[in-house]
1. Inside region 231-254, can you point out the residues that are in contact with a strand residue (DSSP E or B) (Cβ under 6 Å, 6 or more places away or on another chain) and either loosely packed, with under 13 Cβ neighbours inside 10 Å or at positive phi (or both)?
2. I'm checking my understanding of the structure. Among residues of region 1-27 that are of a type in the set (A, V, I, L, M) and surrounded by fewer than 24 Cβ atoms within 10 Å (Cβ to Cβ), which one is modelled with the lowest pLDDT?
3. Residue 117 - would you say it is over 16 Å from residue 19 (Cα atoms), surrounded by 19 or more Cβ atoms within 10 Å (Cβ to Cβ) and of a type in the set (D, E, K, R)?
4. Hey, does region 69-82 have a residue that's touching a strand residue (DSSP E or B) at 6+ places or on another chain (Cβ under 9 Å), under 19 Å from residue 210 (Cα atoms) and not hydroxyl-bearing (Ser, Thr, Tyr)?
5. Among helices (runs of 4 or more DSSP H) lying entirely in region 168-230, which contain 2 or more residues that are surrounded by 21 or more Cβ atoms within 10 Å (Cβ to Cβ)?
6. Please count how many residues of region 153-167 are loosely packed, with under 14 Cβ neighbours inside 10 Å and in a helix (DSSP H, G or I).
Amino acid sequence: MFEAAGDVYDRFIGRYGPALGDALLAFAGVRSGMRVLDVGCGSGALAGQAALLVGAANVAAVDPSEPFAEACKGRVPEADVRRAPAESLPFDDDLFDAVLSQLVVNFMVDAEKGVTEKTRVAKPGGVVAACVWDYRGEMRLLRAFWDSAAEVDPAAPDEGTSMRYASPDELEDLWMEAGLEAVETSALDVQADYADFDDLWTPFLAGIGPAGAYTASLEPDGQAALRAQLRKELGDPVGPFTLTARAWGVRGTK
């Protein structure tokens, strides 16, 4: 689901990435001079925004997907970008002032181990933070998609019911279990612009993420029915339009 080229991802969920990255950096209290690690960097939206704030030489990033790691390297050439999973970070203990993850915790193979690893590489007093889409409510694109899928196919999956760590309570519990202190959660609200409905729809066909994988699994007739229902669900937009999106943020101190 995450082996597509970085530019394809950027036209899909990645178009929310820079704004969400800025929101997460602010929520985590990242400031100039800090050393930052982006765990699960994807195509590099968060790493790129962190580089603008602290300088690319102070940014490191990891992702298990080779295309995504390469895309992040291209986006932030001076950053230390490596291919690695969250559950086995290739860094020494107590190294970073801020260890962040954007839209990643819910996709970790072992989220408990992943957050423990993030905590391990943070300096004492450092911040460990992340955000996950509000799949059940205010992530408008994905909520509309899965509601549309259910209309067309009652057996369709739904990230709103299947995705773990997509609520403040779940994230808070996960952070506290990792031994982090002063744990807080907050809504992070952003938006993205679309040139037209095709600009929104076409990236689903690339098979990225659960929504894309479901779309790609359908026969052409099924894709056409889903496309028509999603357009209806979004109010039949004509020309440019904007969608809002909410992520739940969590932060804690080592």
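1. 242
2. Residues of region 1-27 of a type in the set (A, V, I, L, M): 1, 4-5, 8, 13, 19-20, 23-26.
Add one more test, that the residue is surrounded by fewer than 24 Cβ atoms within 10 Å (Cβ to Cβ), and what stays is 1, 4-5, 8, 19, 23, 25-26.
Numbers: 1: 53, 4: 60, 5: 61, 8: 78, 19: 97, 23: 98, 25: 98, 26: 98.
Among them, the one singled out is 1.
3. On the way: over 16 Å from residue 19 (Cα atoms): yes; surrounded by 19 or more Cβ atoms within 10 Å (Cβ to Cβ): yes; of a type in the set (D, E, K, R): yes.
Here the answer is yes, as residue 117 does meet what is asked.
4. Taking every residue of region 69-82 in turn, none turns out to be touching a strand residue (DSSP E or B) at 6+ places or on another chain (Cβ under 9 Å), under 19 Å from residue 210 (Cα atoms) and not hydroxyl-bearing (Ser, Thr, Tyr).
5. Details: elements: 168-177, 197-201, 209-217.
Of the helices (runs of 4 or more DSSP H) lying wholly inside region 168-230, those with at least 2 residues that are surrounded by 21 or more Cβ atoms within 10 Å (Cβ to Cβ) span 168-177, 209-217.
6. Going residue by residue through region 153-167, those that are loosely packed, with under 14 Cβ neighbours inside 10 Å are 154-155, 161-162.
From the residues that got through so far, the ones that are in a helix (DSSP H, G or I) too are 161-162.
Counting residues in region 153-167 that are loosely packed, with under 14 Cβ neighbours inside 10 Å and in a helix (DSSP H, G or I) gives 2.
Conditions (1) within 13 Å of residue 38 (Cβ to Cβ); (2) surrounded by fewer than 18 Cβ atoms within 10 Å (Cβ to Cβ), marked per residue:
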{"residue": "59", "(1), (2)": "yes, no"}
{"residue": "68", "(1), (2)": "yes, no"}
{"residue": "79", "(1), (2)": "yes, no"}
{"residue": "82", "(1), (2)": "yes, yes"}
{"residue": "85", "(1), (2)": "no, no"}
{"residue": "89", "(1), (2)": "yes, no"}
{"residue": "92", "(1), (2)": "no, yes"}
{"residue": "96", "(1), (2)": "yes, no"}
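Yes/no matrix, rows are residues, columns are (1) modelled with pLDDT of 95 or more; (2) in a strand (DSSP E or B); (3) farther than 18 Å from residue 30 by Cα:
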position: 77; (1), (2), (3): yes, no, yes
position: 81; (1), (2), (3): yes, yes, yes
position: 85; (1), (2), (3): yes, no, yes
position: 90; (1), (2), (3): yes, no, yes
position: 94; (1), (2), (3): yes, no, no
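The values are calculated or read from the model by the stated rules, or taken from the named source; none is laboratory data. These numbers were taken from a predicted model, which means no experiment stands behind them. For neighbour counting, all protein chains shown are included, and Cβ atoms are generated from backbone atoms with ideal geometry for every residue, glycine included.
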